[in-house]
1. Cross-link candidates for LYS24: which aspartates and glutamates have Cα within less than 14 Å, leaving aside residues fewer than 8 places away along the same chain?
2. Between ASP94 and GLU79, what length in nm is gained on full extension when 0.36 nm per residue of separation is reduced by their alpha carbon distance?
3. In whole Å, how far is the Cα centre of region 45-100 from that of region 26-44?
4. Can you work out ³J(HN,Hα) from phi for every residue in region 50-61, in order, using Karplus 6.51 cos²θ - 1.76 cosθ + 1.60 and θ = phi - 60°, giving whole Hz and x for Gly and Pro?
5. Using r as the Cβ-Cβ distance of ALA50 and LYS72, and R0 as 25 Å, what FRET efficiency do you calculate, to the nearest 0.05?
6. Tell me the net charge near TYR36. Cut-off is 13 Å between Cβ atoms, TYR36 excluded, with +1 for each Lys or Arg and -1 for each Asp or Glu.
7. Could you tell me which label, among (1) 103; (2) 85; (3) 122, carries the value of volume of the Cα convex hull per residue in Å³ calculated for this structure?
8. THR49: net charge of surrounding residues, Cβ under 13 Å, Lys/Arg +1, Asp/Glu -1, itself excluded?
Amino acid sequence: MLHTVNKSPFERNTLDSCLRLAKKGSTILLIEDGVYAALNDTAASDKVTARMGDFRFCVLGPDIDARGLGDKSLIDGVEVIDYGKFVDLAAEHDAVNAWL
């Protein structure tokens, strides 16, 4: 399953809920304000790093750029993707769950 997280981990518990309930082997795509979870050396980075073996983590590059975060260090292993790859991910997975 593809899970999309669009809320900042510093304002909502959406990422925590996703990490708790998603099944191993799922892909988690950080979009919109959810991209803040991909930043290195934050309170959220430990949560993401701890689950790297369970999930594939991706982040939408245009959303990083839109928030002026292009010069920030991202967590090693988080794949930066574009809109085309977002569409590919949606097509590759049986279902998409949007965590709001």
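Where a number appears in this text, it was derived from the coordinates with a stated rule and is not lab data. What you are looking at is a predicted structure, and each value in this text was computed from that prediction instead of being measured. We place every Cβ from the backbone using ideal geometry, glycine too, and count neighbours over all the protein chains shown.
1. ASP54
2. Result for the pair: 3.4 nm of gain on full extension.
3. 7 Å
4. 5, 10, 4, x, 8, 10, 9, 9, 10, 9, 7, x
5. On the way: r = 20 Å, r/R0 = 0.81.
The value I calculate is 0.80.
6. The answer is 0.
7. (2)
8. Net charge in that neighbourhood comes out at -2.
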